[in-house]
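**Q** Questions regarding the structure given below will be posed in turn.
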């Protein structure tokens, strides 16, 4: 009797587990399908190649080129700066830091930073901008996004560099290379694909984040032209177009979301490609 | 002479990198300090405790009671956890313990993909599917049916704390599942085999050995999900209704703290003390998330070390 119950329990739990996994994966399919079905009919070439014309938000002609270029400028600038900072932190952790304790404190700090909500980064960016007298601008948005992306990239790079065998570093030191030379000529070269993965991860996070650029980058119908002018961004384009009462404009919000999701999908495919490529090249 | 130059270069690089590392450590205190500086004009007049437990929110009169927003935050986050935790536990156990390697290898990137979807897209999905589902199916069927206060369907719009909770639950799936997966795989194989060798079934082994061994990690994963959920802004703001009230039923509109900050940044400089109030909200959010993440990380580090 007891034996039978054990088998029933096993089967029941297995069923529940499979069902849960199906719900989790199903929600991904559900989200992507919803965006595709709603976004595709409203998508056209003008959306991608034009900036909003007069009366765009009432349903007249135009596109969201301002938001696409704005997002690329924001995320691109932030990713470039963040990459250098994160690389410095990761190299510091692996090549310069001699105390294990200090390294674990630094890792903990990065992990905590990773968890901080983007709205807080936005609010912080805003207070800093008030302090130095900067208005909502591309520069402000980039600063907020740098902070957002830094822990993600630094921790990812750190994980990749963990895979480099210490013998390789020791060999480099043994032939007389300095720590810096070892870092760039051995570690960075060994982990390059992993570093690109980190770069793409940060870029994807940066391009999709709305709460941090809401305060700091503002919004505009023009193409980005100067570091000190406001720029548009894709997530906010979705958000603002969704807020209008005109059905045509709301449909464009769906199409904008589709464009954004498409970009994220491409980035994540590239990330996978590079991380696989990376695993193949690491000497173990 | 050449050797000297190389050493100088190494030294300079060391200081630059140390500065980068120092910045990472100093950033949290720096953010807290900057926000506190802005918030101080309000906090000098009223204590934080009083602000947190006051109900009236009318910025024009200078009254900033955060209670509705704090309660709204906990409603949405709590609902999200109630939905997400059982689903994530079951999925993660399946992925870590039962799934064949090929399935495991193909599920993980999909979970990562879920983590990469921008929050406005989640919000849009909520508006297009969850909100209409509540409005057109759930609420009409439930209204008048029950006397349970929690299920009172007085707000017919569908923009409710439940919508926020559902959207948020899906958003924290990847966070909780990937942490849990890490925790379960860290449980040594030997103790599983010992249990199986004694004649326990697979589920009995999981229930009695794996889950028990992994319990600190499981708590860490849940706290992790919670702290990620509490600060989520855009997606929640789009579906939760944004009415400054204390929600009494899961179908009532709520107004979480992050949504409050994001919605009012435009006018905050034109009303006295408004910016201080919003920065106080951001500061509270930062401190809560900081404590939770730090706690979860420390538990996780301890758990991984003992394994």
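**Q** Distance between Cα centroids, the range B:172-240 to the range A:208-234: provide it in whole Å.
**A** With the range B:172-240 and the range A:208-234 each reduced to a Cα centre, they are spaced 39 Å.
**Q** For all pairs of alpha-carbon atoms in the range B:162-252, what percent lies in each bin of width 10 Å, listed from the first bin to the last filled one?
**A** Reading upward from the zero bin: 15, 32, 23, 17, 10, 2.
**Q** For the range B:1-60 and the range B:105-137, what is the separation of their C-alpha centers, rounded to whole Å?
**A** Cα centroid to Cα centroid, the span is 34 Å.
**Q** Ratio of alpha-carbon Rg to the 2.2 N^0.38 Å globular estimate for the range A:113-200, to two decimals, please.
**A** 1.49
**Q** At a 10 Å Cβ-Cβ cut-off, how would you order B:215, A:233, fewest neighbours first?
**A** Ascending Cβ contact count within 10 Å gives the list B:215, A:233.
**Q** I need A:161, B:304, B:237 ordered by Cβ neighbour count within 10 Å, fewest first.
**A** Lowest to highest Cβ neighbour count: B:304, A:161, B:237.
**Q** Assuming 1.002 mPa s and 20 °C, estimate D for the range A:2-42 with Stokes-Einstein, Rh taken as the Kirkwood radius over Cα pairs, in µm²/s.
**A** 172
**Q** Let me ask something else. For the range A:1-90, what does the relative contact order come out to in percent, with C-alpha contacts under 8 Å and a separation of six or more?
**A** 14
**Q** Send over the semi-axes of the range A:150-253's equivalent ellipsoid, whole angstrom and largest first, taken as the square roots of 5 times the C-alpha gyration tensor eigenvalues.
**A** Whole-Å semi-axes of the equivalent ellipsoid: 45, 15, 9.
**Q** Let me ask another. Could you tell me the calculated FRET efficiency between residue A:99 and residue A:222, based on Cβ-Cβ distance and R0 = 45 angstrom, to the nearest 0.05?
**A** Here the calculated transfer efficiency is 0.35.
**Q** Now for a separate question. Along each of the three principal axes of the Cα atoms of the range B:22-111, give the extent in whole Å, ordering the values from largest to smallest.
**A** Projected onto its principal axes, the Cα set of the range B:22-111 covers 61, 38, 19 Å.
**Q** With the crude spin-label approximation of a point 7 Å out along Cα→Cβ, what separation in nm comes out for residue B:264 versus residue B:16?
**A** About 4.5 nm separates the two model spin labels.
**Q** What percent do you get for the relative contact order of chain A when only Cα pairs under 8 Å and 6+ apart count?
**A** Rounded, it is 28 percent for chain A.
**Q** Same structure again: Provide the FRET efficiency to the nearest 0.05 for the residue B:291-residue A:171 pair, computing r from the beta carbons and using R0 = 51 Å.
**A** Computed FRET efficiency for residue B:291 and residue A:171 comes out at 0.70.
**Q** How would you classify the range A:1-83 from its alpha-carbon gyration tensor, with a ≥ b ≥ c the square roots of the eigenvalues: rounded for a/c under 1.5, else prolate if a/b is greater than b/c, otherwise oblate?
**A** The shape class here is oblate.
**Q** Here is a follow-up. If R0 is 56 Å, what FRET efficiency do you get for residue B:141 and residue B:23 from their C-beta distance, rounded to 0.05?
**A** For residue B:141 and residue B:23, the calculated efficiency is 0.55.
**Q** Compute the distance in nm between two label points, each set 7 Å from the Cα along the Cα-to-Cβ direction, one at residue A:269 and one at residue B:196.
**A** Modelled inter-label distance: 3.8 nm.
**Q** Separate question: GNM, chain A, Cα, under 10 Å: largest mean-square fluctuation among A:101, A:250, A:222?
**A** A:101
**Q** Full-extension gain between residue B:9 and residue B:50, please, as 0.36 nm times their residue separation minus the C-alpha to C-alpha distance.
**A** Difference between extended and current length: 9.2 nm.
**Q** Residue by residue through B:109-116, how many Cβ atoms from other chains fall within 10 Å of the Cβ on average?
**A** Across the residues of B:109-116, the mean count of other-chain Cβ atoms within 10 Å is 6.
**Q** Still on this structure, please answer the following. When the Cα centres of the range A:77-104 and the range B:250-307 are compared, how far apart do they sit, in Å?
**A** 27
**Q** So for B:257, B:79, B:7, fewest C-beta neighbours within 10 Å to most, what's the order?
**A** Least to most surrounded, the residues fall as B:7, B:79, B:257.
**Q** Using a ≥ b ≥ c from the Cα gyration tensor of chain B (square roots of the eigenvalues), is it rounded, prolate or oblate, where a/c under 1.5 gives rounded and otherwise the larger of a/b and b/c decides, a/b for prolate?
**A** Oblate.
**Q** Per the Kirkwood treatment, what hydrodynamic radius in Å, one decimal, follows for chain A from the mean inverse distance over all distinct Cα pairs?
**A** Mean inverse Cα-Cα distance, inverted, gives 21.5 Å.
**Q** Taking only the C-alpha atoms, wrap a convex hull around the protein assembly as shown and report its volume per residue in Å³ as a whole number.
**A** 184
**Q** What is the average number of partner chain Cβ atoms found within 10 Å of a Cβ in B:6-19?
**A** The mean count of partner-chain Cβ atoms within 10 Å per residue comes to 5.
**Q** Between residue B:215 and residue B:301, what is 0.36 nm times their sequence separation minus the Cα-Cα distance? Round to one decimal in nm.
**A** 29.6 nm
Taken together, the values in this text are just the output of simple stated rules run on the coordinates, not laboratory data. Keep in mind it's a predicted model, so treat the numbers as computed, not measured. With ideal geometry, Cβ positions are generated from the backbone for all residues, glycine too; neighbour counts draw on all protein chains shown.
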